[in-house]
Amino acid sequence: MEKDFVPYEEALALKELGFDEIVLVEYNSAEIGRRYTEKKISSVRHGYQIKLTYGQAFRWFREKHGLFACYEIDFGGDIHAFHIISKSFKYNENYTVAEDTYEEAELNCLRKLIEILKER
């Protein structure tokens, strides 16, 4: 299930870009063990792990910024690609991120979306 969650570094980058939705939060300490709760990402304190799914991130890019990530696999199954298209086409954005595995392509697509938003 861990592969369903965005890595911590990218989750923090999304938070800095204005992502402020409810996420699963994990806290782990020697005294109380592992606990989970749901909070808005803006209220997550230091020491807590943000558990944000790829689905939440891609939906936020679609709904808030008009950036769509479309998945495609070649017929041989060797190349997994995401195409990033802007709804407005205002900036003529059309990027392709291709990798050997779906998970690599998904993560690099998310990183490219973050980069695009930072440049706006």
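The values are calculated or read from the model by the stated rules, or taken from the named source; none is laboratory data. Keep in mind that what you see is a predicted model, and the values were worked out from it rather than measured. For neighbour counting, all protein chains shown are included, and Cβ atoms are generated from backbone atoms with ideal geometry for every residue, glycine included.
A few points about this structure:
- All positions within region 22-46 that are hydroxyl-bearing (Ser, Thr, Tyr) and surrounded by 14 or more Cβ atoms within 10 Å (Cβ to Cβ): TYR27
- Sole residue being touching a residue at least 12 places away in the same chain (Cβ under 8 Å), in contact with a helix residue (DSSP H, G or I) (Cβ under 7 Å, 6 or more places away or on another chain), of a type in the set (S, T, N, Q) and surrounded by 15 or more Cβ atoms within 10 Å (Cβ to Cβ), chosen from GLN49, GLN56: GLN49
- Unmet criterion (only one of (1) farther than 19 Å from GLU103 by Cα; (2) loosely packed, with under 14 Cβ neighbours inside 10 Å) for ILE73: (1)
- Pick from region 1-16, criterion aliphatic (A, V, I, L, M) and surrounded by fewer than 17 Cβ atoms within 10 Å (Cβ to Cβ), ranking: farthest from LYS40 (Cα to Cα): MET1
- Residue match in region 11-20 (condition: over 18 Å from the mean Cα position of the chain (by Cα), modelled with pLDDT of 85 or more and not hydrophobic (A, V, I, L, M, F, W, C)): no
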